[in-house]
1. Name the residue that is most open to solvent (accessible area, probe 1.4 Å), counting only residues in region 132-167 that are under 15 Å from residue 49 (Cα atoms) and touching a residue at least 60 places away in the same chain (Cβ under 8 Å).
2. What is the number of the single condition among (1) more than 13 Å from the chain's Cα centre (by Cα); (2) open to solvent by 60 Å² or more (accessible area, probe 1.4 Å) that residue 119 does not meet?
3. State yes or no: is residue 22 open to solvent by less than 30 Å² (accessible area, probe 1.4 Å), farther than 20 Å from residue 139 by Cα, in contact with a helix residue (DSSP H, G or I) (Cβ under 9 Å, 6 or more places away or on another chain) and modelled with pLDDT of 95 or more?
4. Determine whether region 74-93 contains at least one residue that is assigned to a strand (DSSP E or B), closer than 19 Å to residue 8 by Cα and not basic (Lys, Arg).
5. Consider residue 159 against the criteria (1) at pLDDT 90 or above; (2) over 18 Å from residue 67 (Cα atoms): it satisfies all of them except one. Which criterion is unmet?
6. Is there a residue being assigned to a strand (DSSP E or B) and within 30 Å of residue 21 (Cβ to Cβ) anywhere in region 99-115?
Amino acid sequence: MRSQVRLDIRSKKSFGDGMTFGDVGSYKAIEGSVAFAIDPDDPANADIVDLKLAPRNCDGLVEYSTDLYILRPTDLNRGNGRLIYDVNNRGNKRILQFFNDGVHSNRPITEENAGNGFLMRRGYSVVWSGWQGDVLPINDQLAMRLPIATNNGAPITADVRSEFIVEMPEVRHRPLSAADYA
């Protein structure tokens, strides 16, 4: 199996202006991206639709990347050594809202976002990454950048069917990413 992974950190900031969470202490917010390159001929990747039709780099690997956001204790030795991966909803970070009663934000960095600090007081690191290729990178949503599969040099196209239920009056259209009403 041939693959490559590269982590690119864009920023490291103090979470909640350095507020502390009991014996665990303060937290850091880390923002960046992860770049991957995978072997389209590896049997482990056989179920990825049209992967063999994606463009390859000079090593014969298919490249893609995703956004990454991490909240972790500033001093990892004071944490509990456990990580919670929050499988985000359409690129939206929700775990602090649901577990900590925090104010929702896709860029959690303030005391308000920490809420009651439940996860932090217990020393958890929280990790989010984009995993849906149709989420637009707006409103700090986690996005993923995927290659376009081609057939004889032309992008592969086909019919896609979706059902949209709009519960707001005056909405005339919606992006496929469902990121925002228009």
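1. 148
2. Condition not satisfied by residue 119: (2).
3. no
4. Looking through region 74-93, at least one residue is assigned to a strand (DSSP E or B), closer than 19 Å to residue 8 by Cα and not basic (Lys, Arg).
5. (1)
6. No, there is no match, as no residue in region 99-115 is assigned to a strand (DSSP E or B) and within 30 Å of residue 21 (Cβ to Cβ).
Yes/no matrix, rows are residues, columns are (1) under 18 Å from the mean Cα position of the chain (by Cα); (2) under 30 Å from residue 155 (Cβ atoms); (3) open to solvent by 70 Å² or more (accessible area, probe 1.4 Å):
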{"site": "9", "(1), (2), (3)": "yes, no, yes"}
{"site": "51", "(1), (2), (3)": "no, yes, no"}
{"site": "74", "(1), (2), (3)": "no, no, no"}
{"site": "88", "(1), (2), (3)": "yes, yes, no"}
{"site": "107", "(1), (2), (3)": "yes, no, yes"}
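The values are calculated or read from the model by the stated rules, or taken from the named source; none is laboratory data. In this text the structure is predicted, and so the values were computed from the model without any measurement. No Cβ is skipped: glycine too gets one built from the backbone with ideal geometry, and neighbour counts run over all protein chains shown. We work out accessible area using only protein heavy atoms, side chains counted, and drop any ligands, DNA or RNA first. Shrake-Rupley method; radii C 1.70, N 1.55, O 1.52, S 1.80 Å.
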